[in-house]
Amino acid sequence: PPAHSRNDWIGPPNKHSNLRPVIFYVPPEESPLERRLREARQEAQACDQRFWARHNRTFHQEKEEFIYSRLKAKGVEMRDETGQKATLNAEEMADFYKDFLSKNFRKHMQYNR
């Protein structure tokens, strides 16, 4: 952000967490209470970034494994003869999403707390 800015700046989504990082404005005469609040917000943001980056990495890995195993069970290759990536239909993917959410329910509850 420009040096004369007096606002927080929000960046583009992080490629791993999909969260938009915030660069917090620091007033020249920040009080100790304001500083504690800003630092708490920064720590919360860092924690959110870590959680969602890990979660998204796990999600994508398990999704690829699920697709591979389902395609293999059908006797279908990951790519067809033209090089196009093979996909599953919405009903088949719904099984994955339901299972993934069920397996990660506790993590999400802890995160929300």
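The values are calculated or read from the model by the stated rules, or taken from the named source; none is laboratory data. Note that this is a predicted model, so its numbers are computed, not measured. So basically every Cβ, Gly included, is an ideal-geometry build from the backbone, and we count neighbours across all protein chains shown. Only protein heavy atoms, including side chains, enter the accessible area calculation; ligands, DNA and RNA are left aside. Shrake-Rupley method; radii C 1.70, N 1.55, O 1.52, S 1.80 Å.
Rounded to 0.05, the FRET efficiency of the residue 97 and residue 45 pair, given R0 = 30 Å and the Cβ-Cβ distance, is 0.65. For the chain, the share of accessible area belonging to carbon and sulfur comes to 53 percent (1.4 Å probe, ligands and nucleic acids excluded). Placing dummy labels 7 Å off each Cα toward the beta-carbon, the span from residue 110 to residue 33 is 3.4 nm. Give me the net charge for the shell around residue 25: Cβ to Cβ below 15 angstrom, other residues only, Lys and Arg +1, Asp and Glu -1. Summing Lys and Arg as +1 and Asp and Glu as -1 gives -1.
For the chain, there are no membrane-span-like helices by this rule, meaning no whole DSSP H stretch whose C-alpha atoms cover at least 15 Å of axis and whose Kyte-Doolittle mean is 1.6 or above; this says nothing about an actual membrane.
Overall, the chain carries a charge dipole of about 280 debye about its Cα centre when +1 sits on the Cβ of Lys and Arg and -1 on the Cβ of Asp and Glu, all other atoms neutral. Using a Cα-Cα cut-off of under 20 Å, which lysines could be cross-linked to residue 98, ignoring same-chain neighbours fewer than 8 residues away? Hits, sequence-local ones excluded: 63, 107. Working from Cα pairs under 8 Å separated by at least six residues, relative contact order for the chain is 17 percent. Near residue 76: Cβ cut-off under 12 Å, other residues only, Lys/Arg at +1 and Asp/Glu at -1. The net charge is +1.
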